[in-house]
């Protein structure tokens, strides 16, 4: 407001100055230096009109300039009020520090969060609100800001006025003050105390869950193995046909339970642990898988036909890739009651992409078309035969390898003639 009035006054003075200067010039040239004569007496009407016009124009200009300046000042004042409102009501605590870590400014959220009064912190060292154990850590982070210009997500403990300590995450940037070479750091922080406490509780809960899971798998597996051993010994005795059938059915169910526990344990590992990849020959993986599957069914004869097209078949794989083929072979052998159980395996490389194709065909009961889409979904079973979890595990392992699996018919359009599993595995570059 004062600037506008000053502009009006200066405009008026400017107009009068021009008028007086004009009168002085007239006095020098026309009135022998008599200024009073040139201003008051013998002034021609056009000259008087000119002087009045000059003063009027300057006054009008001054009024207009004063109005514009006042509007500009009002806009600046309103903008400052809005900025101050936003600054004070910023949902995050904010502070500025100079190069000596002296607190220059804080907002209301900062004061409310830490419990201090403004006069207690402005001009004080920021280290005064840090626990002793955090001061060296803060100095390291502060140097980072001045070196790199900004830092994000630096964790530090802060001391509240009531003596409690909170865990905070800081984001800071460096900038110069307006019309000055002096630099300050601008920082906001988030109180992470509750979040860190919850994260620690989750870690503790995960550790307890892992312990109980391992304990459960270990103890249940031991119980199953004991029951299996007893049933196998019992099956060697001469029993009535009904008793023998009951023992064999129980033995089969216990084997399925043991296999289920094993698959669940592998499922957890694949989902939660980091896989360790190394260069492996896919043919050795297939041999290990078929040998392990055959060993589970010593009373079944398996006729295996392996067709390998010329080429090298190295892949980057985790040892869990064996479980993919083991689960396929295990289900095929278990569900096929024919003698022998016939399995055809074809291994070849795709032209152009370099992918390795492994096709497993079997001659036992196939998979109806309406069930093919749900075959690899977690915990779904096909006619209660137990296809589900093993193949879900296989699908998950292949996903982790960037590979894929699909199921079709060995004889196209005729599911009753057996199923065909096609696995595509990328080769290392």
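Between residue 314 and residue 204, what is 0.36 nm times their sequence separation minus the Cα-Cα distance? Round to one decimal in nm.
Difference between extended and current length: 35.5 nm.
Could you list 376, 421 in order of exposure, starting from the residue whose Cβ has the fewest other Cβ atoms within 10 Å?
Taking fewest neighbouring Cβ atoms as first place, the list is 376, 421.
Under a plain spin-label model, where a point goes 7 Å from the Cα along Cα-to-Cβ, how far apart in nm are residue 127 and residue 300?
7.5 nm
So what is the relative contact order of region 298-375, in percent, for Cα pairs below 8 Å that sit 6 or more residues apart?
Taking the mean separation of contacting Cα pairs over the length of region 298-375, I get 36 percent.
So, R0 is 30 Å and r is the distance between the beta-carbons of residue 370 and residue 346; what FRET efficiency does that work out to, to 0.05?
That gives a FRET efficiency of 0.65.
So if each residue of separation counts as 0.36 nm, and I subtract the Cα-Cα distance between residue 164 and residue 230, what length gain in nm does that give?
Values: separation 66, 0.36 × 66 = 23.76 nm, distance 6.23 nm.
Between residue 164 and residue 230, full extension yields an extra 17.5 nm.
Could you give the length gained on full extension between residue 100 and residue 268, defined as 0.36 nm per residue of separation minus the Cα-Cα distance, in nm?
Fully extending the segment from residue 100 to residue 268 adds 55.3 nm.
Can you put 333, 198, 102 in order of Cβ neighbours within 10 angstrom, beginning with the fewest?
So the residues, fewest neighbours to most, are 198, 102, 333.
Give the order of 401, 362, 141 when sorted by the count of other beta carbons within 10 angstrom, beginning with the fewest. Walk me through the numbers before you get to the answer.
Numbers: 401 20, 362 25, 141 16.
The order, fewest Cβ neighbours first, is 141, 401, 362.
Quick one: if the Förster radius is 51 Å, what FRET efficiency do residue 139 and residue 279 give, using the C-beta to C-beta distance and rounding to 0.05?
The formula returns an efficiency of 0.60 here.
A short reminder: the numbers here are calculations on the coordinates, not readings from a lab. What you are looking at is a predicted structure, and each value in this text was computed from that prediction instead of being measured. Note: ideal-geometry Cβ built from the backbone for every residue, glycine included; neighbour counts use all protein chains shown.
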